[in-house]
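Take a look at the structure set out below.
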Amino acid sequence: MTAPPPIRCTGLSRWYGEVQGLSDLSLEVTPGIVGLLGPNGSGKTTLMRLLTGLIRPTRGRVELFGRRAGPGAWRLFRRIGYAPGDDVHFELESGRDFLVLLARLHGESASGARAAAERALAAVGMTELAGKRLREMSKGMRQRIKVAQALLHEPELLLLDEPLNGMDPLSRRQVMDLVREHGRRGGTVLFASHILHEVESITDRVILLHHGRLLAEGRLAEIRDLLDRKPRRVTLQGASPEAVRRLAAAALQSNLVSGLEFEGEDGLHLATRRLGPLLDAIQTWGEQGDVRALTMADENLEAVFDLLVGGEG
Amino acid sequence: MSDSPRESVPVLELEGLVVRYGRFTALQGLDARFQGGSLGLLGPNGAGKSSLLRAILGLIRPARGSIRVLGRDLRRGGAALRRRVGYMPERDSWIGGVSGVAGLAHLAEISGLRRDDAMIRAHDVLHFTGLAEERYRPVATYSVGMRQRYKLAAALVHDPDVLFLDEPTNGMDPRGRVRMLELVDRVRREHGIHLIVASHLLPDVERLCDEVWVLDAGRLRMADTLERLTAEARGAKRVRLPAAAAARALAEAAGREGFEVQEGERAAEVILSRPDREVEAREVFRLARRLGLEVHGLKPAARSLEQAFVEVLEGDG
Amino acid sequence: MAFRAPDYSRFAGPRSRAPAWWPIWRMTFRRGWNSVWVKRFTLLGLAIGLGTTVLLYGVQQVLPEWRELLEAAGEGSGQGEVLRFDAGAYLVLLRLFLYPVLLPLAVLLGYDLIAGDLRSNALESYFCRPVTPWTYVLGRTGALLSYLMLATLAPLLWIWIFDLSTAPEGHFETIRRVPFGLSASLLLTGVTLSLLIQALTTLTRSGTWTALALAGLFLGSEFFANMFASINQEPDFRILAFFENLDAVANGFMGFPDETAGRPGFEACVAFQAGVSLLSLAYLLRRVKRSALVG
């Protein structure tokens with residue numbers, strides 16, 4: 001029997017009065033890193049709060065590691081680390097004291113708590129700066145303390161809500177490395193972010209929410225393949241002008257392209273509805289040395305996000 | 001003012017600029033010159049980016065040194081100078097108690113426009129930033145993205161010659177970000193407004209700026225053009241695969257074949273290079289074929305601004 | 001599906017060098033008028049002024065010799081008091097404007113403006129333009145003051161002019177000091193209140209807390225004034241008592257200094273209000289500079 005998945009939601013809904021937070025969400029997250037995406041107000045934070053048991057679902061259920069989650073599921077909390085999106089902390093405390101206090105709340109001994117705090121601080125690169133009071137820290141530093149706080153008890157499941165917001169590029173890199181490392185060791189990370197470029201650099205698995213509903217879930221390339229509304233565009237750069245002409249002729253002969261356009265000396269745009277076979281053909285041409293570069297439009301996360309959420313705003 | 005030839009006067013010149021808050025020295029002797037176009041200010045938290053912006057705007061008085069904006073000394077031309085610069089602060093900022101458009105017209109008037117001109121401009125820039133429908137509502141009812149665009153409108157309403165942006169896309173969702181960057185980009189490209197941007201989001205800076213200054217601990221660590229910073233790494237190729245697992249498989253096999261392998265910017269990407277020569281497209285396609293992998297992208301690898309940034313800051317301690 | 005916005009255009013029109021406090025002044029005025037309760041109290045002030053003149057006019061039409069009749073009635077009552085529509089009547093009217101109009105208006109408008117600017121971080125939008133902390137405070141306080149005067153001094157002077165134009169010869173002598181008294185007393189109190197309230201709001205940063213702090217100040221000042229005065233046996237400590245102070249200033253300027261024992265002296269009260277104004281101004285400038293320039 002396989003182990004139960006870290007996250008399983010069934011028919012999960014949450015309403016705030018008449019305001020819809022999340023509606024009828026069913027999904028399963030297997031170990032690894034998953035990006036949680038969606039425009040502002042799409043229900044990302046509501047989902048995080050439901051998962052951590054901060055709020056109760058109006059309908060449906062959340063299971064973490066096969067156990068029902070919700071307010072008061074204390075045992076589960078030890079296996080989850082949560083970095084909330086909003087700025088909450090004890091203003092007058094130093095970063096280090098704050099973490100030690102939290103570690104003690106997790107049931108550590110005094111010395112164990114100090115060790116855990118130092119470990120978490122080192123992981124986010126705050127060892128030297130943690131003596132400052134939280135109130136006096138910059139936004140980026142407070143963010144790092146927040147992430148450190150989620151790592152304290154070495155949880156299996158990390159829920160990070162916009163963890164990189166306000167961080168400088170070096171700290172971003174550090175936290176992203178940390179997330180990758182957690183994924184590599186078999187942990188699970190749910191990573192909410194607006195910066196698609198960063199999500200894409202740590203994972204190709206995403207959950208996309210929009211207006212409180214699940215819009216798409218899975219691997220980026222698979223999601224893109226499901227969106228077959230318009231032909232895919234592939235751009236080739238030939239090794240030489242002659243090579244470009246050979247490529248164009250071969251493409252036409254292959255019957256795989258629905259459109260073809262030259263650009264400059266060595267550029268060639270192809271439009272296709274049969275991507276797989278075309279890529280295969282291109283690979284063959286490439287092995288013969290005619291192709292110097294290959295790019296595919298709307299393969300990246302931004303394009304997919306736009307295709308899915310697009311059409312409004 | 002506007003008849004002086006723009007090219008000859010640098011937009012920004014700093015000479016031995018020192019800024020202190022009490023005993024803390026935020027900027028310790030900056031010497032730099034920005035001729036014009038668009039400039040990105042980068043640096044870790046606390047590097048002095050905001051202090052520099054504030055000093056240039058005259059919000060903090062430098063302890064030593066001088067700042068010349070558009071050829072004028074800040075200390076003498078303060079008020080006149082401020083009519084010609086626009087500032088988009090990081091924190092939300094608006095005039096409460098009145099509609100969005102009335103607050104904007106008010107700010108335009110303060111910056112030296114006549115009353116009727118101010119009202120016309122206020123409507124125009126709100127149209128430009130896509131807030132036409134919300135313009136009669138109080139700004140307090142705007143969403144995060146709208147407030148951000150409203151701040152841009154406020155920075156543009158008096159038609160400045162230099163635009164200062166502090167974290168312009170902070171907190172915006174992906175579509176909002178794209179939209180904001182597009183607006184700023186148009187203003188600088190089509191209307192020749194100089195741009196100075198401080199941001200933690202390197203892709204934003206890559207999108208908007210021609211020139212980059214890296215600050216660290218109150219000093220200027222590097223000033224260079226974006227083009228030179230992100231020049232192609234010699235002969236390396238960026239290979240894109242359908243999924244992260246495929247990328248890992250390719251990386252492993254390539255390592256055995258004597259390639260140097262680096263992580264790409266995306267999880268489904270790898271960067272391959274050879275220590276001795278250029279990587280040929282042909283050999284990558286062959287390798288992929290042998291592994292049964294589909295190639296979704298293959299192109300010469302440029303260095304990202306992030307790599308350049310990290311190298312500058314970690315380079316010589 | 002690229003986003004197509006209407007285009008940006010450069011501005012080629014004239015640029016003025018007009019001082020920045022003038023738009024701030026106008027905006028402040030407008031914001032006052034936009035707020036419901038401020039509008040109500042303003043209308044109350046104007047209505048009292050208009051109502052009084054309408055009343056006077058009506059009486060004048062029905063009983064042209066009402067002034068003499070009033071005097072006679074006073075004598076007839078046998079209490080030796082003279083009932084006359086003179087400077088004393090204006091003192092009563094002044095009190096009518098001071099407490100139900102000036103005071104609530106100063107509180108409502110004062111904290112709303114400053115607290116609003118702090119909440120929406122408007123100072124950052126102002127100070128990156130040609131605005132200095134001085135211009136800002138000048139524009140705000142000037143507008144606040146002129147608003148208060150519009151709601152109080154203007155209707156009072158209107159009554160005075162009406163009274164003068166309908167009164168018989170010689171009445172002018174009895175009410176000649178009135179315009180000076182009204183202006184001086186309202187201006188001094190207005191300046192003190194608007195600066196004090198603005199300074200308080202920069203400290204509390206919220207309307208509710210300012211209102212509570214003011215209520216505490218009004219009541220507490222009474223208590224401490226009594227305490228100090230009785231401990232030291234020195235009635236001048238009663239200048240601390242807020243309402244007594246306002247009264248004494250109004251009485252003094254109107255030419256009825258209250259010489260009763262145990263009442264604070266007029267000069268001391270004026271000096272005290274001026275002192276409070278200066279301290280508030282200094283504090284206000286400092287806070288505005290700090291919250292805007294270093295953040």
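The values are calculated or read from the model by the stated rules, or taken from the named source; none is laboratory data. Treat the numbers as computed from the prediction; the structure is a model and nothing was measured. Cβ sites come from the backbone with ideal geometry, for glycine too, and all protein chains shown count toward neighbours.
Overview of values
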quantity: So A:Arg245, is it assigned to a helix (DSSP H, G or I), within 11 Å of chain B (Cβ to nearest Cβ) and either over 15 Å from the mean Cα position of the chain (by Cα) or among the charged types (D, E, K, R) (or both); calculated: no
quantity: Test: residue in the stretch C:121-130 that is in contact (Cβ under 8 Å) with a residue 12 or more places away in the chain, more than 17 Å from C:Leu281 (Cβ to Cβ), facing chain B (nearest Cβ under 7 Å) and outside any helix (DSSP H, G or I); calculated: yes
quantity: Hey, C:Ser194 in contact with a Leu (Cβ under 6 Å, 6 or more places away or on another chain) and away from chain B (no Cβ under 14 Å) or not; calculated: yes
quantity: Filtered residue count, the stretch C:245-271, keeping only those that are part of a helix (DSSP H, G or I) and either surrounded by fewer than 19 Cβ atoms within 10 Å (Cβ to Cβ) or without any contact (Cβ under 8 Å) to a residue 12 or more places away in the chain (or both); calculated: 3
quantity: Residues within the stretch B:32-86 that are touching a residue at least 60 places away in the same chain (Cβ under 8 Å), closer than 19 Å to B:Gly192 by Cα and polar (S, T, N, Q), tallied; calculated: 1
quantity: Odd one out for A:Asp97 among (1) touching a helix residue (DSSP H, G or I) at 6+ places or on another chain (Cβ under 9 Å); (2) at pLDDT 90 or above; (3) of a type outside the set (Phe, Trp, Tyr); (4) closer than 30 Å to A:Leu220 by Cβ; calculated: (4)
quantity: Which numbered condition A:His211 fails, given (1) buried (at least 22 other Cβ atoms within 10 Å of the Cβ); (2) closer than 23 Å to B:Val178 by Cβ; (3) out of contact with any Gly (no Cβ under 6 Å at 6 or more places or on another chain); (4) within 14 Å of chain B (Cβ to nearest Cβ); calculated: (1)
quantity: Residue list for the stretch C:131-148, restricted to those being within 19 Å of the chain's Cα centre (by Cα) and more than 11 Å from chain B (Cβ to nearest Cβ); calculated: C:Val137, C:Leu138, C:Arg140, C:Thr141, C:Gly142, C:Ala143, C:Leu144, C:Leu145, C:Ser146, C:Tyr147, C:Leu148
quantity: Complete set of residues in the stretch A:273-299 that are under 29 Å from the mean Cα position of the chain (by Cα), outside any loop (DSSP other than H, G, I, E, B) and not hydrophobic (A, V, I, L, M, F, W, C); calculated: A:Gly276, A:Thr295
quantity: Qualifying positions in the stretch A:214-242 - of a type outside the set (Lys, Arg), out of contact with any helix residue (DSSP H, G or I) (no Cβ under 9 Å at 6 or more places or on another chain), in a strand (DSSP E or B) and within 13 Å of chain B (Cβ to nearest Cβ); calculated: A:Thr235
quantity: Selection status of B:His200, away from chain C (no Cβ under 13 Å) and surrounded by 21 or more Cβ atoms within 10 Å (Cβ to Cβ); calculated: yes
quantity: Positions within the stretch B:298-315 being facing chain A (nearest Cβ under 8 Å) and in contact (Cβ under 8 Å) with a residue 40 or more places away in the chain, in sequence order; calculated: B:Leu298, B:Lys299, B:Pro300, B:Glu306, B:Phe309, B:Leu313
quantity: Qualifying positions in the stretch B:118-175 - closer than 13 Å to B:Gly100 by Cβ, in a loop (DSSP other than H, G, I, E, B), within 10 Å of chain C (Cβ to nearest Cβ) and not aliphatic (A, V, I, L, M); calculated: B:Thr129, B:Gly130
quantity: Residue check, B:Ile95 at pLDDT below 95, assigned to a loop (DSSP other than H, G, I, E, B), within 24 Å of the chain's Cα centre (by Cα) and within 9 Å of chain C (Cβ to nearest Cβ); calculated: no
quantity: Residue list for the stretch B:287-297, filter: surrounded by fewer than 17 Cβ atoms within 10 Å (Cβ to Cβ) and within 8 Å of chain A (Cβ to nearest Cβ); calculated: B:Arg289
quantity: Residue match in the stretch B:250-265 (condition: touching a residue at least 24 places away in the same chain (Cβ under 8 Å) and facing another protein chain (nearest Cβ under 9 Å)); calculated: yes
quantity: Whichever residue in the stretch A:57-77 is part of a strand (DSSP E or B) and under 25 Å from the mean Cα position of the chain (by Cα) and, among such residues, is surrounded by the fewest Cβ atoms within 10 Å (Cβ to Cβ); calculated: A:Arg68
quantity: Search result, residues across the stretch A:170-225 that are among the β-branched types (Val, Ile, Thr), touching a His at 6+ places or on another chain (Cβ under 9 Å) and under 27 Å from B:Val144 (Cα atoms); calculated: A:Val189
quantity: From the options B:Val69, B:Val101, residue that is under 18 Å from C:Ile24 (Cα atoms) and either modelled with pLDDT under 90 or more than 10 Å from chain C (Cβ to nearest Cβ) (or both); calculated: B:Val101
quantity: Flag if A:Ala250 is more than 30 Å from B:Met172 (Cα to Cα), in a helix (DSSP H, G or I) and more than 14 Å from chain B (Cβ to nearest Cβ); calculated: yes
quantity: Strands (runs of 3 or more DSSP E) enclosed by the stretch B:239-315 - at least 2 residues per element that are closer than 26 Å to A:Pro31 by Cα; calculated: B:260-263, B:269-273
quantity: Members of the stretch C:148-203 found to be without any contact (Cβ under 8 Å) to a residue 24 or more places away in the chain and part of a helix (DSSP H, G or I), listed by number; calculated: C:Ile161, C:Leu164, C:Ser165, C:Phe172, C:Glu173, C:Pro179
quantity: Pairs where the first residue, in the stretch A:32-49, is within 9 Å of chain B (Cβ to nearest Cβ) and the second is among the β-branched types (Val, Ile, Thr), C-beta under 6 Å, 6+ apart; calculated: A:Ile33/A:Val189; A:Ile33/A:Ile202; A:Ile33/A:Thr203; A:Leu37/A:Val206; A:Asn40/B:Val144
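Each row is one residue, and each column tells you yes or no for (1) closer than 18 Å to C:Gln198 by Cβ; (2) among the charged types (D, E, K, R); (3) surrounded by 18 or more Cβ atoms within 10 Å (Cβ to Cβ).
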position: C:Phe97; (1), (2), (3): no, no, yes
position: C:Arg119; (1), (2), (3): yes, yes, no
position: C:Cys128; (1), (2), (3): no, no, yes
position: C:Leu145; (1), (2), (3): yes, no, yes
position: C:Leu148; (1), (2), (3): yes, no, yes
position: C:Leu153; (1), (2), (3): no, no, yes
position: C:Leu157; (1), (2), (3): no, no, no
position: C:Glu169; (1), (2), (3): no, yes, no
position: C:Arg176; (1), (2), (3): no, yes, no
